[in-house]
Amino acid sequence: MSDGFQYFDIIFFALIAVFVILRLRSALGRRTGQERPRSGDILSRSADSDDQGSGKVIHLPNQEEDSEDVVFEKELTELEEKQSGVRASSVEEVDDIRSGLSDIKKADSNFSPRTFVSGAKGAFEIIVESFAAGDTGTLRPLLGDDVYDEFVEVIRSRIAAEETVETTIVSLDTADIVSAKLHGSTARITIKFVSQQMSVTRDKDGSSVDGQTETAVRATDLWTFARNTRSDNPNWSVVETRTSD
């Protein structure tokens, strides 16, 4: 009889132990939101996180990409409006330029039409004045090989004739993109520069043999800039120069 009661006591206490264990697991396993986050939780968090209250996923828009696209479109519109006030452009011509600049932007996400034109204007002034001064060291990184060789040949001819050139850009009136293309990975943009310049060529005695310094002359130049969009070098080079009637 006592053996039966003892067996019953063992079962009773075992049930109590199981009940206590289940209650402890329930209490210890519940997250209250006050626990210190685990390293895995921190590393796995992203902008597309679950809403803890509703269980829904919140997708945040990529504002940086949208902003870049908006800025690029504004720059294109700005250039088109500026150029339309200077010269008459056909719809096809404007569309071709826009398409070309868009292709270049896709190949080089850092490309900015506004920044490019600003840099091209600065390069134009430096190159014109450096060419007149015979400064080949300044010209070398700004020019493509063929253009550089042509400029150097003219400079050497001047030296042989013991002549010097003085050129001053009085004003750079306009700098308009007239062509933009992406050939493979090479971007090519042609700009039409209209400037007022004073230039004079002097002989070894300092006497003027060509040009004048009293009156500015209107000059129209078409320069083509090129750059490999896959290159780490962000600089553009002048690969072609010609004058416009």
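The values are calculated or read from the model by the stated rules, or taken from the named source; none is laboratory data. All figures in this text were calculated on a predicted structure; none of them were measured in a lab. FYI the Cβ positions are ideal-geometry reconstructions off the backbone, even for glycines, and counts take in every protein chain you see.
Residue count for the stretch 219-241, restricted to those that are under 15 Å from Leu172 (Cα atoms) and either of a type in the set (S, T, N, Q) or without any contact (Cβ under 8 Å) to a residue 40 or more places away in the chain (or both): 2. Filtered by the rule that a residue be at pLDDT 95 or above and of a type in the set (Ser, Thr, Tyr), the stretch 206-239 gives Thr220, Thr224, Thr229, Ser237.
Enumerate the helices (runs of 4 or more DSSP H) found wholly within the stretch 101-205, keeping only those where 2 or more residues are in contact with a helix residue (DSSP H, G or I) (Cβ under 7 Å, 6 or more places away or on another chain), without any contact (Cβ under 8 Å) to a residue 60 or more places away in the chain and surrounded by 16 or more Cβ atoms within 10 Å (Cβ to Cβ). Full working, then the answer.
Working: elements: 113-133, 136-139, 145-160.
The qualifying helices (runs of 4 or more DSSP H) are 113-133, 145-160.
Please go through the stretch 229-245 and pick out each residue that is farther than 21 Å from Thr138 by Cα, surrounded by fewer than 16 Cβ atoms within 10 Å (Cβ to Cβ) and of a type outside the set (Asp, Glu). Those that are farther than 21 Å from Thr138 by Cα, surrounded by fewer than 16 Cβ atoms within 10 Å (Cβ to Cβ) and of a type outside the set (Asp, Glu): Arg230, Ser231, Thr243, Ser244. Note on the stretch 63-111: residues that are closer than 19 Å to Phe193 by Cβ, hydrophobic (A, V, I, L, M, F, W, C) and modelled with pLDDT under 75 amount to 2. Scanning the stretch 130-168 for residues that are of a type in the set (D, E, K, R) and either within 24 Å of Asp210 (Cα to Cα) or more than 29 Å from the chain's Cα centre (by Cα) (or both) gives Asp135, Asp149, Glu150, Glu153, Arg156, Arg158, Glu162, Glu163, Glu166. In the set (1) under 24 Å from Val91 (Cβ atoms); (2) of a type in the set (Lys, Arg); (3) out of contact with any Gly (no Cβ under 7 Å at 6 or more places or on another chain), the condition left unmet by Arg227 is number (1).
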